[in-house]
Amino acid sequence: MSEEADAFWQGWRHGWDPANSGADGPATTTNNSFWLADWCQVCGHTFREADGVYVAHGPPAVVRHHSPTLPCSGLVTDYDQPDDGMSRAFHAAVEAANPPPPGTDAVLLLPGHPLLLPVTPRRQCAFCSDSFRPFESAVICPCSPGEPRCGLGVHRDPGGGNTCYDEWISNGPLLTCPTTFTKVEER
């Protein structure tokens, strides 16, 4: 492609997603980013708003996470795994300040949890469709959270900005199971 064509397409991409330059390199995911509804082909996690990424516009376009917690671009050198104890304390404090509805157990997703299996794409929240990431909280089996019967997960992580479960049940308890589509038994 010519230099003028490259400049045109970079300007077009910048106009579409003004928070980013439209050039190859580091970028931040916004609601206007073309990769927002996609998932990273390296880690399998979905791209979320405010995620740091590295973009190569191609063709074909390649977008990979580019942050210390998701160093998929291969260009991040200061990778640091979150501290398990600090994460537990943070989530306990958030849960104390914003307790879940009665009978609801939110589970802290530690490495090795079934919702974090390294499959591509990753397991996703039944409400927001974002993948589950380590050290987030989720409700397992939203129609029967006190006695989980299935492995369906929904974010309940107000400290991380994921209030999916609370929003889902804001109009009352679920009437049908989102997994089996059967009527939920009254408790």
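If R₀ is 25 angstrom, what is the calculated FRET efficiency for the pair CYS150 and ALA50, using the beta carbon separation as r and rounding to 0.05?
That pair, CYS150 with ALA50, gives E of 0.20.
Can you give me the accessible area per residue for the chain, using a 1.4 Å probe, in Å²?
58 Å²
Run the accessible area of segment 31-103 with a 1.4 Å probe and give the carbon-and-sulfur part as a rounded percent.
About 57 percent, which is the carbon plus sulfur part of the accessible surface.
Please build a GNM for the chain, connecting alpha carbons under 10 Å apart, and tell me which residue among ALA56, ALA27, ALA106 fluctuates the most.
In this elastic network of the chain, the residue with the biggest mean-square fluctuation among ALA56, ALA27, ALA106 is ALA56.
Sum -39500 (n - 2.57) across every DSSP H segment of at least 4 residues in the chain, then divide by the residue count to get the 222 nm mean residue ellipticity, nearest 500.
-5500 deg cm²/dmol
How far apart, in nanometres, would the label points at THR28 and GLU185 be if each is projected 7 angstrom from Cα along the Cα-to-Cβ direction?
With each label point 7 Å from Cα toward Cβ, the separation is 4.9 nm.
Using a 10 angstrom cutoff on alpha carbons, build the Gaussian network for the chain and name the most mobile of LEU115, LEU175, LEU70.
Checking each option, the largest mean-square fluctuation is seen for LEU175.
On a full-extension model of 0.36 nm per residue, what is the gain between LEU117 and GLU167, subtracting their alpha-carbon distance, rounded to one decimal in nm?
15.4 nm
Of (i) 141; (ii) 156; (iii) 133, which is the value of volume of the Cα convex hull per residue in Å³ derived from the coordinates here?
(i)
How much length is gained on full extension from ALA5 to LEU174, taking 0.36 nm per residue of separation minus their Cα-Cα distance?
Extra length from ALA5 to LEU174 when fully extended: 55.6 nm.
With every protein chain kept in the model, how would you rank PHE127, PHE132, PHE34, PHE181 by accessible area, 1.4 Å probe, largest at the top?
Largest accessible area first, the list is PHE181, PHE34, PHE127, PHE132.
The values are calculated or read from the model by the stated rules, or taken from the named source; none is laboratory data. Just so you know, these numbers come straight off a predicted model, no measurement behind them. Don't worry about glycine lacking a Cβ; one is built from the backbone with ideal geometry, like all the others, and counts go over all protein chains shown. Note: accessible area is taken over every heavy atom of the protein model, side chains too, but ligands, DNA and RNA are not part of it. Shrake-Rupley method; radii C 1.70, N 1.55, O 1.52, S 1.80 Å.
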